[in-house]
Amino acid sequence: ASLDAVVAAQRVEEVVAVEPGLVKTINRREVINIRNQVHPILRLDEVVNLKNPDKELSNKYVVINAVGINRVGLVVDKLLGQQEIVIKSIGEYFGDVKGIAGSTILGDGRAIMILDVPEIVNLVYDRG
């Protein structure tokens with residue numbers, strides 16, 4: 001199972017290909033060490049409770065996002081590139097969906113969710 005989603009480019013600070021030894025576990029939380037800075041990472045497949053999440057990190061990327069003064073990495077399987085999109089609210093159809101900022105339609109016609117990274121971080125850390 002996979003999840004296609006969009007992250008707002010203004011939050012993205014960098015993208016790192018996961019290499020052996022970059023990801024460690026500290027206090028039962030996964031972190032990535034980039035240029036001697038340690039950032040927590042979140043696996044979106046686990047955050048949204050996808051069935052059979054892929055635990056293997058090889059051939060994946062970590063997208064480092066600015067969340068306030070902190071940085072958090074989102075583990076992703078692939079990068080679709082950067083493109084301009086129009087954000088559509090989903091509130092009138094679905095109500096308030098935690099962790100989703102809205103939706104958009106990609107150039108290939110697919111509807112895709114736009115992640116609210118700060119809210120996802122709050123959801124994950126609030127549930128411990």
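The values are calculated or read from the model by the stated rules, or taken from the named source; none is laboratory data. A quick note: this is a predicted structure, and the numbers were derived from the prediction, not measured. Cβ coordinates were reconstructed from backbone atoms using ideal geometry, including for glycine residues, and neighbour counts include every protein chain displayed. The accessibility values were calculated without ligands, DNA or RNA, using every heavy atom of the protein model including side chains. Shrake-Rupley method; radii C 1.70, N 1.55, O 1.52, S 1.80 Å.
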Q: Collect the residues in the range 100-118 that are open to solvent by 90 Å² or more (accessible area, probe 1.4 Å) and touching a strand residue (DSSP E or B) at 6+ places or on another chain (Cβ under 6 Å), keeping them in residue-number order.
A: Ile105
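Looking at this structure, is Val72 of a type outside the set (D, E, K, R) and assigned to a loop (DSSP other than H, G, I, E, B)?
So Val72 does not fit the description; no.
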Q | Selection count where residues are closer than 19 Å to Val12 by Cα and charged (D, E, K, R), scope the range 46-99 | A | 5
(Q) Quick test of your reading of the structure: Val97 fulfils all but one of (1) surrounded by 12 or more Cβ atoms within 10 Å (Cβ to Cβ); (2) assigned to a loop (DSSP other than H, G, I, E, B); (3) modelled with pLDDT of 85 or more. Name the failing condition by number. (A) (3)
Q: Give the number of residues within the range 1-43 that are under 30 Å from Arg110 (Cα atoms), out of contact with any Asp or Glu (no Cβ under 8 Å at 6 or more places or on another chain) and open to solvent by 90 Å² or more (accessible area, probe 1.4 Å).
A: 2
Q. Could you say whether any residue in the range 67-87 is of a type outside the set (A, V, I, L, M, F, W, C), in contact with a strand residue (DSSP E or B) (Cβ under 6 Å, 6 or more places away or on another chain), within 30 Å of Pro20 (Cβ to Cβ) and crowded, with 17+ Cβ neighbours inside 10 Å?
A. yes
